[in-house]
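The values are calculated or read from the model by the stated rules, or taken from the named source; none is laboratory data. Note that this is a predicted model, so its numbers are computed, not measured. In this analysis, Cβ positions are derived from the backbone assuming ideal geometry, glycine residues included, and neighbour counts consider all displayed protein chains. In case anyone asks, the SASA skips ligands and DNA or RNA and just uses the protein heavy atoms, side chains included. Shrake-Rupley method; radii C 1.70, N 1.55, O 1.52, S 1.80 Å.
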Amino acid sequence: MNIRRILTLVVVAIALAGISLWMGQQAYSWFPPQASAESLLVDDLFSFLVTLGTFIFLGVVGTLTYSVLFQRAGKYDISDGPPIEGNITLEIVWTAIPLALVIWIAAYSYQVYDQMSILGPMEHVHLEMATAEAAPIEPSPDSQMPDSNEPIERIEVFSRQWAWEFRYPEQSITSTELHLPNNHRIKLTLKSEDVIHGFYIPAFRVKQDIIPNQAIEFEFTPIREGKYRLRDSQYSGTYFAAMQADVVVESPESYQQWLAQAAVQPPAAAYNPAFEEYRRASETAINAGWKTVVPAAPPMVNYSGSNLQNQGL
């Protein structure tokens, strides 16, 4: 291989690297806003994978395109190509590069996985009280990382077909809307009263299965004020799509004010879209011909989401 061809390959590799880095930066805009400390880790990993995948994709497609356009055989040329059998150097290169990439991806992914401490299925089975306690995240000058000395806010989450209920044990408050103080560590105790549900907030990039008859502790840290959406990520039955709730991240002062206001409100039945939809369907004269699971009755809570009924959910 002459010097000119080597320089050409180097220039092409630098151009591909530049395009791949740009694509990796664009990947940050493909997700909802980063609303938790864990979302920073997940998005960095995804950007890294997009960058690497773009470089490989463009390299492979570029090589194929160049071969098709400039290295094709003549119209009547039916001879074989040059034999390259027994090229030890080439075999070492094409084995070592993929191996290094796989080890790199695995090590980086494990590091993020370890920091988030998401439980695997065997831990759920063998631990009496499964705990997903995230490791401390190193603060960054450019990030909004919370102070690790802040107290942990403990909240109980009850899931049932098909409603979420949140209990604040220290204040004896129940709600169908999850309120969280910004920049404070949150520890949820997740419980299911019937089937497997999935606690999933896309803006937080956190998801945890909730297994019946098990209490699973799950930690994360919200870092951006706003209203987000909690969804059931597991198919839990007929009305699982209606099993949603608002998640409100607010300043610690507003959070304490909300707790004080909710504490003086008497418990009342909250709006349950699944139960209402089932009730309306039951009142019609049309018999579907099959049985379905009756949704849980609307929970009695001190505070219910203000806009769920308006959204028709």
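Number of residues in the range 166-175 that are open to solvent by 10 Å² or more (accessible area, probe 1.4 Å) and either under 14 Å from V301 (Cβ atoms) or modelled with pLDDT of 90 or more (or both) equals 5. Of all residues in the range 6-31, those that are within 24 Å of Y66 (Cβ to Cβ) have Cβ atoms under 7 Å from Cβ atoms of residues that are open to solvent by 70 Å² or more (accessible area, probe 1.4 Å), 6 or more apart or on another chain, in L16/F55; A17/F55; S20/F55. Residues in the range 239-271 that are out of contact with any helix residue (DSSP H, G or I) (no Cβ under 8 Å at 6 or more places or on another chain) and assigned to a loop (DSSP other than H, G, I, E, B): S251, V264, Q265, P266, P267, A270, Y271. Only a single criterion out of (1) within 11 Å of S159 (Cβ to Cβ); (2) crowded, with 19+ Cβ neighbours inside 10 Å is not satisfied by I196, namely (2).
Here the range 96-120 is the region considered, the condition is being small (G, A, S) and modelled with pLDDT of 85 or more, and the residue that is nearest to I216 (Cα to Cα) is S109.
Scanning the range 292-302 for residues that are more than 12 Å from G237 (Cβ to Cβ) and assigned to a loop (DSSP other than H, G, I, E, B) gives A297, P298, P299, N302.
Checked against (1) surrounded by 16 or more Cβ atoms within 10 Å (Cβ to Cβ); (2) out of contact with any strand residue (DSSP E or B) (no Cβ under 8 Å at 6 or more places or on another chain), W258 passes all but a single condition, namely (2). Checking G74, G81 one by one, the residue that is assigned to a loop (DSSP other than H, G, I, E, B), at pLDDT below 90, over 30 Å from N182 (Cβ atoms) and open to solvent by less than 50 Å² (accessible area, probe 1.4 Å) is G74 and no other.
Enumerate the pairs (first residue in the range 67-90 and free of Cβ contacts under 8 Å to residues at least 60 places away in the same chain; second residue anywhere and not in a helix (DSSP H, G or I)) with beta-carbon separation below 7 Å, excluding pairs fewer than 6 apart on the same chain, so at least 6 apart or on different chains. Taking only residues 6 or more apart or on different chains, the pairs are L90/I84.
If a residue has to be of a type in the set (S, T, Y), within 18 Å of the chain's Cα centre (by Cα) and open to solvent by 10 Å² or more (accessible area, probe 1.4 Å) to count, how many in the range 201-242 make the cut? Talk me through it step by step, then tell me what you get.
Quick first cut of the range 201-242, residues of a type in the set (S, T, Y) only: 221, 228, 233, 235-236, 238-239.
Subset that is within 18 Å of the chain's Cα centre (by Cα): 221, 228, 233, 235.
Cutting the leftovers down to open to solvent by 10 Å² or more (accessible area, probe 1.4 Å) gives us 228, 233, 235.
Result for the range 201-242: 3.
Residues considered: L41, L58, L64. Of these, the only one that is in contact (Cβ under 8 Å) with a residue 60 or more places away in the chain and either loosely packed, with under 15 Cβ neighbours inside 10 Å or in a helix (DSSP H, G or I) (or both) is L41.
Scanning the range 284-303 for residues that are at pLDDT 75 or above and farther than 17 Å from Q161 by Cα yields N302, Y303.
Evaluation of P273 against the conditions (1) modelled with pLDDT under 85; (2) of a type outside the set (S, T, Y); (3) crowded, with 19+ Cβ neighbours inside 10 Å; (4) within 20 Å of I173 (Cβ to Cβ) shows that the sole unmet condition is (4).
For the range 162-220, the tally of residues that are of a type in the set (S, T, N, Q), touching a Phe, Trp or Tyr at 6+ places or on another chain (Cβ under 6 Å) and more than 20 Å from P252 (Cα to Cα) stands at 1.
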